[in-house]
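Peer 1: Before anything else, here's the structure in question.
Only the coordinates and a few stated rules stand behind these numbers; no lab work does. The model shown is predicted, which means the values in this text are computed figures rather than measured ones. Cβ placement follows ideal geometry from the backbone for every residue including glycine, while neighbour counts extend to all protein chains displayed.
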C-alpha cells in the first residue's frame with residue numbers, strides 16, 4: 001500500500017475529526033494545533049521585522065557609503081581623469097562616477113570640539129552616485145559653492161556643536177603647515193549651509209564640503225583626490241562587479257563595495273537572524289512535542305479499534321499510515337493557520353505598533369539608539385516557505401513513534417481487557 005491509499009487516508013481523517021472518549025486528549029490536540037500555529041505566526045513575524053530592520057539600515061548606510069569605491073593603496077589618486085576614468089567608462093555595469101576627498105578632522109565652535117570625517121564632494125556629481133541630497137533637512141548641495149567655504153553637517157553633529165544655518169564652525173585637519181612658530185595644523189572657518197539626517201551613525205560624525213575647498217585646506221593639487229565613488233546598475237551585484245573591476249584596475253588601485261565596508265555589521269545581522277530563527281523554532285518544537293503526547297494517548301485510547309483492524313487483516317504498514325496521516329493533518333492545520341496569521345501580522349505590524357504608541361503615548365524605539373523610530377517589516381516569501389517546511393517536517397517526525405507503537409499492538413492483548 002502507498003501512503004495515501006483511500007483506506008488509510010479516510011481512517012486518518014476520521015480519527016482526526018472524531019471525538020475522543022477522553023476529553024483531555026481532545027484538549028491536548030487543540031493545544032498542539034494552536035501551539036504550532038502560534039509558533040509559525042511568531043517566527044514569520046519576527047523574521048519579517050528583522051528583515052525590515054536589515055532593509056532600513058542598509059538604505060541608511062547607502063545614503064553616504066557609495067555602492068563601489070575605487071581608491072589607491074597610498075590613499076591618494078593623482079590625475080584620475082586620465083588614469084581611472086577611461087577604464088571605468090569601459091565597464092557597462094557602472095552608470096555614474098564622482099570623485100571625492102576625505103579626511104578626519106576636528107570641527108570646533110565656541111570651545112566645543114567634535115571629531116568627525118570631512119568629505120569633499122562635487123555638488124553636481126554627488127547626486128548621481130548617492131541619495132544624500134534626499135536626506136537634507138535644510139540647505140542644498142548646490143550651496144557648496146567653490147571657494148566660499150561652506151559646510152553641511154549631520155544633524156546630531158550640528159546639535160552637539162549647537163549650530164544652525166548661517167553659523168560658523170572651525171575645521172581643523174591633521175595636515176600641517178610651516179609657520180614662523182613652527183608646524184601648525186591647517187585651520188579654516190566654514191559657514192554652515194545645510195543639515196542632513198540619514199537616521200544612521202553618519203549623523204554624528206560626517207560633514208560635507210566642496211571638494212575644491214577641502215583640497216585647498218589640505219593643500220592638494222586640483223587633480224588629486226582620495227577616491228572615486230561609483231553607481232552601478234544592480235546594487236546587489238556589487239560584490240561580483242567589484243571582483244571583476246579589481247581584475248581590470250592597475251595593481252596600485254583597488255575597488256571595495258558597500259558590503260565589504262560594513263562586512264562585520266552585516267555578518268552580525270545574519271548571525272542574529274539565524275540564531276533568532278533557531279530559538280523561535282523551539283516554540284514549534286514544544287507544540288509538536290505536545291502533539292506527540294496527544295498521539296500516544298490516542299493510540300492507547302484506540303487500542304480496541306486497532307485490535308479489530310488487525311483482526312480484520314490490516315497490516316502494520318496500514319496502521320502506521322493511519323496515525324502518521326492523523327498527526328500530520330494536525331500539523332498541516334496548525335501550519336496553515338499560523339502562516340495566514342503570520343503573513344497578516346507581518347504586513348500590518350508597523351501600523352499596529354504605531355497605533356499602540358499613539359493610544360498609550362509611548363515610544364518603543366528611539367532613533368538615538370536604534371537608528372529608526374518605528375518597527376519596520378519586510379516579508380520575504382522564502383522565509384514563509386522555510387518556516388512552513390520546518391513546521392511540517394517537525395510534525396511529520398512527531399508522528400513516527402506513536403504510529404510504530406500503534407502498529408506493535410497485539411490484538412489478543414488489547415481485546416482481553418475489553
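Peer 1: Please work out the ratio of the alpha-carbon Rg of the stretch 81-160 to 2.2 N^0.38 Å and round it to two decimals. Mind showing how you got there, number by number?
Peer 2: On the way: Rg = 15.5 Å, N = 80, 2.2 N^0.38 = 11.6 Å.
So the stretch 81-160 has a normalised radius of gyration of 1.33.
Peer 1: For the chain, modelled as a Gaussian network with Cα springs under 10 Å, which listed residue fluctuates most, 111, 327, 162?
Peer 2: 111
Peer 1: Which residue, 257, 54, 89, has the most motion in a Gaussian network model of the chain that connects Cα atoms within less than 10 Å?
Peer 2: In this elastic network of the chain, the residue with the biggest mean-square fluctuation among 257, 54, 89 is 89.
Peer 1: Before anything else, pin down the relative contact order of the chain: Cα pairs under 8 Å, at least 6 apart, normalised by residue count, whole percent.
Peer 2: Details: 703 pairs, mean separation 121.0, N = 418.
Computed value for the chain: 29 percent relative contact order.
Peer 1: Just need the relative contact order of the stretch 68-261 here, percent rounded to a whole number, with Cα pairs under 8 Å and 6+ apart. Please report the intermediate quantities before stating the final value.
Peer 2: Numbers: 396 pairs, mean separation 69.1, N = 194.
Averaging sequence separation for qualifying contacts and normalising by length gives 36 percent for the stretch 68-261.
Peer 1: Just to be sure I understand: if I project the alpha-carbon convex hull of the chain onto a plane and average over all orientations, what area do I get in nm²? It would help to have the intermediate numbers written out before the result.
Peer 2: Numbers: hull surface 118.8 nm².
So the mean shadow area of the Cα hull is 29.7 nm².
Peer 1: Within a 10 angstrom radius of the beta carbon, how do 60, 405 rank from fewest other beta carbons to most? Could the numbers behind the result be given before it?
Peer 2: Working: 60 20, 405 17.
Lowest count first: 405, 60.
Peer 1: Order of 341-349, 285-293, 239-247 by packing, highest average Cβ count within 10 Å first?
Peer 2: Working: 341-349: 17.9, 285-293: 20.1, 239-247: 15.2.
Highest mean packing first, the order is 285-293, 341-349, 239-247.
Peer 1: Just to confirm my numbers, what's the Cα centroid distance between the stretch 211-247 and the stretch 95-135 in Å?
Peer 2: Result: 13 Å between the Cα centres.
Peer 1: With n ≥ 4 as the cut-off for DSSP H runs, can you work out [θ] at 222 nm for the chain, using -39500 (n - 2.57) per run divided by the number of residues, rounded to the nearest 500?
Peer 2: Numbers: 15 runs with 223 residues, N = 418.
Helix contribution divided over all residues of the chain: -17500 deg cm²/dmol.
Peer 1: Sorted by mean Cβ packing within 10 Å, highest first, what order do the peptides 164-173, 268-277, 331-340 take?
Peer 2: On the way: 164-173: 15.9, 268-277: 13.2, 331-340: 20.8.
Listed from highest to lowest mean packing, they are 331-340, 164-173, 268-277.
Peer 1: Could you list 200, 73, 378 so that the one with the fewest beta carbons within 10 Å of its beta carbon is first and the one with the most is last? Intermediate results must be reported in sequence, preceding the final value.
Peer 2: Values: 200 24, 73 9, 378 16.
Listing 200, 73, 378 from fewest to most nearby Cβ atoms yields 73, 378, 200.
Peer 1: Using a 10 angstrom cutoff on alpha carbons, build the Gaussian network for the chain and name the most mobile of 407, 193, 388.
Peer 2: Maximum fluctuation in the GNM of the chain, among the listed residues, is at 407.
Peer 1: If you don't mind, another one. Against the 2.2 N^0.38 Å scaling, with N counting residues, where does the stretch 68-261 land? I'd like the Cα-based Rg ratio to two decimal places.
Peer 2: On the way: Rg = 17.2 Å, N = 194, 2.2 N^0.38 = 16.3 Å.
Taking the Cα Rg and dividing by 2.2 N^0.38 Å, one obtains 1.06.
Peer 1: When DSSP assigns beta bridges and you keep just the ones with both residues in the stretch 68-261, what percent turn out antiparallel, to the nearest 5? Could the numbers behind the result be given before it?
Peer 2: On the way: 43 of 53 bridges.
Of those bridges, close to 80 percent are antiparallel.
Peer 1: Cut-off is 10 Å between beta-carbons; in what order do 68, 129, 83 appear when sorted fewest neighbours first? Before the final figure, lay out the partial values.
Peer 2: Values: 68 27, 129 24, 83 15.
In order of increasing Cβ crowding within 10 Å: 83, 129, 68.
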